[in-house]
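Participant: One structure coming up, written as structure tokens, with questions to follow.
The values are calculated or read from the model by the stated rules, or taken from the named source; none is laboratory data. This one's a predicted model, so the numbers in the text were calculated from it and none came from an experiment. Glycine also receives a Cβ, built like all others from the backbone with ideal geometry; neighbour counts cover every protein chain displayed. Side chains are part of the model used for accessible areas, which takes the heavy atoms of the whole protein and leaves out ligands, DNA and RNA. Shrake-Rupley method; radii C 1.70, N 1.55, O 1.52, S 1.80 Å.
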Amino acid sequence: MSTIEEQIQALKKQRNAVILAHNYQPGPIQDIADFVGDSLGLSIQASKTQADVIVFCGVLFMAETAAILSPKKTVLLPDITAGCPMADMITVQQLELLKQKHPDALVVCYVNSPADVKALSDYCCTSSNAVQLVSRLPQDRPIIFIPDRHLGQFVADRTGRSLILWPGYCPTHLKISPEDIEKARQQYPNALVLAHPECGPEIRRMADELLSTGGMIRFAGQSKVDVFLIATEEGIVHTLRRKYPEKTFVPVSEFSICPNMKKITLEKLLWSLQDMEYRIEVPEAVAIRARKALERMMEILPEG
Ligand code: 13P
Ligand code: SF4
């Protein structure tokens with residue numbers, strides 16, 4: 001009797017599939033994936049893979065992005081209910097109204113958004129390249145930034161530009177409290193606090209570094225410091241410990257767990273390959289426009 005991991009590997013070969021996993025995925029999913037990364041890295045992998053099938057271990061907007069970037073591939077999401085509450089905080093109708101209110105504005109859309117909203121946007125970005133992208137936009141144009149107001153405020157602070165923000169947020173990142181940081185700092189006085197820009201304003205002020213998940217991995221590898229307090233979804237602690245076993249990574253909060261990211265299990269991954277479910281397809285009319293915004297996103301690689 002073969003293990004579930006062996007069955008997944010065998011089916012993956014048979015289907016000519018690649019398994020992509022976000023840094024917030026459960027440990028066993030990260031361990032079996034062909035590529036584990038942040039939103040930008042995963043988009044790039046999805047756009048250049050030679051496989052016939054992409055099994056996306058993440059949430060719906062990520063699988064949709066892969067389907068837009070690789071329209072000829074079959075893209076599977078192992079649990080169709082794995083969504084992102086932040087992405088669902090903005091609709092096409094709401095964005096249309098916002099654009100009518102600011103007709104000269106360029107629209108920068110965080111990749112954590114629905115495909116049809118991306119299609120109405122000029123640029124997509126991830127947390128790893130949002131600052132660089134916005135800083136290159138013409139000074140004489142207003143900028144609408146959707147849907148995360150916290151990432152948007154972080155970008156406004158870093159670029160010195162005033163952005164038109166939307167009140168979206170990530171419920172998981174807002175569970176991290178200033179007391180969590182204070183407590184962790186008392187316990188590990190020599191550690192650095194790495195926080196994600198989706199965190200609320202107090203956490204952003206208290207952090208030593210504000211980084212995307214990919215940025216945290218790069219930073220921890222290059223830093224001389226060897227203890228890090230992690231203020232983002234806890235799944236990345238597995239990624240970091242696996243990559244740098246000689247360093248110490250401590251999640252600051254036991255509550256910063258994204259329930260949607262954790263819906264993917266080894267069983268569901270196996271069934272997904274067995275049944276070729278759940279297929280994620282984006283209507284071509286939407287995909288054509290969203291692809292342009294995503295291609296502009298992928299032209300800007302993070303520094304460092
Ligand atoms: P990154 O991996 O791009 O930092 O994204 C964080 C996130 O919240 C994904 O849902
Ligand atoms: Fe969405 Fe937040 Fe979960 Fe990322 S961590 S998928 S932004 S709810």
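Participant: Residue check, PRO259 against (1) touching a Cys at 6+ places or on another chain (Cβ under 8 Å); (2) more than 30 Å from SER135 (Cβ to Cβ); (3) surrounded by fewer than 23 Cβ atoms within 10 Å (Cβ to Cβ), all met but one. Which one?
Facilitator: For PRO259, the exception is condition (1).
Participant: Taking region 72-99 on its own, how many of its residues are within 15 Å of ALA119 (Cα to Cα) and assigned to a loop (DSSP other than H, G, I, E, B)?
Facilitator: So the count comes out to 2.
Participant: Would you please name the residue that is nearest to ligand 1 (Cβ to nearest atom), looking only at residues in region 93-117 that are farther than 13 Å from PHE145 by Cβ and under 15 Å from the mean Cα position of the chain (by Cα)?
Facilitator: PRO114
Conditions (1) in contact with a Leu (Cβ under 9 Å, 6 or more places away or on another chain); (2) surrounded by fewer than 17 Cβ atoms within 10 Å (Cβ to Cβ), marked per residue:
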position: GLU234; (1), (2): no, no
position: THR239; (1), (2): no, no
position: PRO251; (1), (2): yes, no
position: PRO283; (1), (2): no, yes
position: ILE288; (1), (2): no, yes
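Participant: Would you pick out the residues in region 183-219 that are touching a Lys or Arg at 6+ places or on another chain (Cβ under 9 Å), among the aliphatic types (A, V, I, L, M) and either surrounded by 24 or more Cβ atoms within 10 Å (Cβ to Cβ) or not in a helix (DSSP H, G or I) (or both)?
Facilitator: Across region 183-219, the qualifying residues are ALA191, VAL193, ALA195, LEU210, LEU211.
Participant: Still on this model: Could you check region 120-136 and list, in sequence order, the residues that are away from ligand 2 (no atom under 16 Å from the Cβ) and either farther than 28 Å from ILE203 by Cα or open to solvent by 10 Å² or more (accessible area, probe 1.4 Å) (or both)?
Facilitator: Those that are away from ligand 2 (no atom under 16 Å from the Cβ) and either farther than 28 Å from ILE203 by Cα or open to solvent by 10 Å² or more (accessible area, probe 1.4 Å) (or both): LEU120, SER121, ASP122, TYR123, VAL131, GLN132, SER135, ARG136.
Participant: Out of the residues in region 167-182 that are within 16 Å of ligand 1 (Cβ to nearest atom) and crowded, with 20+ Cβ neighbours inside 10 Å, which is farthest from LEU106 (Cα to Cα)?
Facilitator: Filtering first and then ranking leaves ILE176.
Participant: Filter region 220-252 for residues that are within 16 Å of ligand 2 (Cβ to nearest atom), outside any helix (DSSP H, G or I) and in contact with a strand residue (DSSP E or B) (Cβ under 8 Å, 6 or more places away or on another chain) and give the result.
Facilitator: Scanning region 220-252 gives ILE230, ALA231, THR232, GLU234, PRO251, VAL252.
Participant: While we're here: Return the total of residues in region 100-119 being outside any helix (DSSP H, G or I) and buried (at least 19 other Cβ atoms within 10 Å of the Cβ).
Facilitator: 8
Participant: In this structure, does GLN30 turn out to be in contact with a Gly (Cβ under 8 Å, 6 or more places away or on another chain), open to solvent by less than 20 Å² (accessible area, probe 1.4 Å) and either assigned to a helix (DSSP H, G or I) or within 16 Å of ligand 2 (Cβ to nearest atom) (or both)?
Facilitator: yes
Participant: If you take the residues in region 72-92 that are open to solvent by 70 Å² or more (accessible area, probe 1.4 Å) and more than 22 Å from LEU151 (Cα to Cα), which one is nearest to ligand 2 (Cβ to nearest atom)?
Facilitator: Restricting to residues being open to solvent by 70 Å² or more (accessible area, probe 1.4 Å) and more than 22 Å from LEU151 (Cα to Cα), the top hit is THR81.
Participant: Then there's this: Might you check whether a residue that is more than 16 Å from ligand 2 (Cβ to nearest atom) and in a strand (DSSP E or B) occurs anywhere in region 253-276?
Facilitator: No, the conditions are met nowhere in region 253-276.
Participant: Does LEU11 count as out of contact with any strand residue (DSSP E or B) (no Cβ under 6 Å at 6 or more places or on another chain), in a helix (DSSP H, G or I) and open to solvent by less than 20 Å² (accessible area, probe 1.4 Å)?
Facilitator: Here the answer is no, as LEU11 does not meet what is asked.
Participant: May I pose another question? Please go through region 253-263 and pick out each residue that is within 16 Å of ligand 1 (Cβ to nearest atom) and farther than 18 Å from ASN112 by Cα.
Facilitator: Passing the criteria: SER253, PHE255.
Participant: Return yes when LEU60 is within 15 Å of ligand 2 (Cβ to nearest atom), aliphatic (A, V, I, L, M) and either open to solvent by 10 Å² or more (accessible area, probe 1.4 Å) or closer than 26 Å to CYS199 by Cα (or both) and no when it is not.
Facilitator: Taking the combined requirement at face value, the residue satisfies it.
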